[in-house]
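Visitor: Okay, handing you the structure first.
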Amino acid sequence: MTVVFALSVSDVCDEIKGCRVYVEQVIRSSSSIGANLYEAKYAQSRADFINKLEIALKECFETEYWLDLLH
């Protein structure tokens, strides 16, 4: 599901003219969500697992911020 989300965000960003800095940021943060969730699957400890999930959540909030700016 996170892959679909990241690809959808990328597709939308392809249509945006200007604001390249914001576009690049939203692409990075949206794809980072899935990367951190994927890493969580292979966490070395419970604390590492929780940390990866917390990072993914922060990336969700960051993506929301960049999308709001672009809107």
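No value in this document is a laboratory result; all are computed from the given coordinates. What you are looking at is a predicted structure, and each value in this text was computed from that prediction instead of being measured. Quick reminder, even Gly has a Cβ in these numbers, built from the backbone with ideal geometry, and neighbours come from all protein chains shown.
Visitor: For the chain, build the charge dipole from Cβ charges (+1 Lys, Arg; -1 Asp, Glu) around the Cα centre, then report which of 55, 21, 70 sits farthest towards its positive end.
Guide: Toward the positive end, the furthest listed residue is 55.
Visitor: While we're here: Against the longest principal axis of the chain, how steep is helix 2-14, in degrees 0 to 90 to the nearest 10, with axes from Cα atoms?
Guide: For helix 2-14, the angle is close to 20 degrees.
Visitor: As I understand it, the value is the acute angle between the Cα axis of helix 20-41 and the longest principal axis of the Cα atoms of the chain; what does it come to in degrees, rounded to 10?
Guide: Its long axis makes an angle of about 20 degrees.
Visitor: So I have (i) 3, 19, 26, 20, 14, 9, 6, 3, 0; (ii) 4, 17, 30, 26, 16, 7, 1, 0; (iii) 3, 16, 33, 30, 15, 3, and one of them is P(r) over Cα pairs in 5 Å bins from 0, in percent calculated from this model. Which one is it?
Guide: From the options (i) 3, 19, 26, 20, 14, 9, 6, 3, 0; (ii) 4, 17, 30, 26, 16, 7, 1, 0; (iii) 3, 16, 33, 30, 15, 3, the structure gives (i).
Visitor: Quick one: net charge of residue 43's neighbours, Cβ under 14 Å, K/R +1, D/E -1?
Guide: That works out to 0.
Visitor: In degrees, nearest 10, range 0 to 90: what is the angle between the Cα axis of helix 46-70 and the longest Cα principal axis of the chain?
Guide: Computed tilt is about 10 degrees.
Visitor: Another question about this same structure. Using DSSP to define loop residues, name the GluC sites (Glu not before Pro) in the chain whose beta-carbon has at most 11 other beta-carbon atoms within 10 Å.
Guide: Loop-located and lightly packed - 15.
Visitor: In addition: Show me the chymotrypsin sites (Phe, Trp or Tyr not before Pro) within segment 1-55 that DSSP assigns to loop and that have at most 14 other Cβ atoms within 10 Å of their Cβ.
Guide: When the chymotrypsin sites (Phe, Trp or Tyr not before Pro) of segment 1-55 are filtered for loop state and at most 14 Cβ neighbours within 10 Å, 42 remain.
Visitor: Normalised by the residues of the chain, what does the relative contact order come to in percent, with Cα pairs under 8 Å and at least six apart?
Guide: 35 percent
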